[in-house]
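Values in this text are rule-based calculations from the coordinates and carry no lab data. This one's a predicted model, so the numbers in the text were calculated from it and none came from an experiment. Ideal geometry is used to build each Cβ from the backbone, glycine not excepted, and the neighbour counts take in all protein chains shown.
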Amino acid sequence: MKTAKIATAEVSDWMRGQLSHIPETIHAVYIEWNNSYLAPNTPREVAFVSMTLFGFKHLKKGTFDCSDGDQLSKLGDFDLVRNESLKLDKAEFPKLDWTGVLKKAAVIPAVRTLVRRRDLLLLVGYHDDDVYDVS
């Protein structure tokens, strides 16, 4: 069994790598977590927590309201999706608050520096749930 600290370190390392390689035309990033499965509904099923990065040219820091449903619907109009999703075995991290892990990973200095240097809007959340601005 792994700890929240280990999960935060793994997520922040992945975030740093992803943020380092987004094009300059991207002004906002949404990192979403969701559940995914290998061999679902079979005795060999493995549950994962998956993180995916989406990038936006048209959204900018200071103009996005996470509580506005109309603005949240714009998260479906992404300009970039990174294929290098992070998948962590859910059984190794039982009962973790993955939105909390994303929030903590976003403030790790290596990640925070990249976000501030680019003046990015950085959003995190669970698929089709609340979204948080952690810029």
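Just a few scattered comments:
- Taking Cβ atoms as reference points and 10 Å as the exclusive limit, the residues near Cys66 contribute a net charge of -4, counting Lys and Arg as +1 and Asp and Glu as -1.
- With neighbours defined as other Cβ atoms within 10 Å of a residue's Cβ, the residues Val111, Val46, Val134 order from fewest to most as Val46, Val134, Val111.
- Taking θ as phi - 60° and the Karplus parameters 6.51, -1.76 and 1.60, the scalar couplings of segment 128-135 work out to 6, 9, 4, 10, 10, 7, 10, 5 Hz in sequence order, x denoting glycine and proline.
- For segment 1-50 and segment 85-102, distance of Cα centres in Å: 8
- Prolate/oblate/rounded label for segment 91-135 (Cα gyration tensor, a/c 1.5): oblate
- Under the shape rule built on the C-alpha gyration tensor, where the axes satisfy a ≥ b ≥ c, segment 1-66 is prolate, since a/c reaches at least 1.5 and a/b is greater than b/c.
- Surrounding net charge for Glu84, when Lys and Arg each add one and Asp and Glu each subtract one, Cβ distance under 13 Å: +2
- Annotation: amide H-H contacts under 5 Å for Tyr126 (H modelled 1.01 Å from N, sequence separation of 5 or more, or interchain): Trp33.
- Options (i) 12, 36, 25, 12, 9, 6, 1; (ii) 12, 44, 32, 10, 1; (iii) 11, 26, 22, 17, 13, 8, 3, 1, 0 - which one matches P(r) over Cα pairs in 10 Å bins from 0, in percent as calculated here: (ii)
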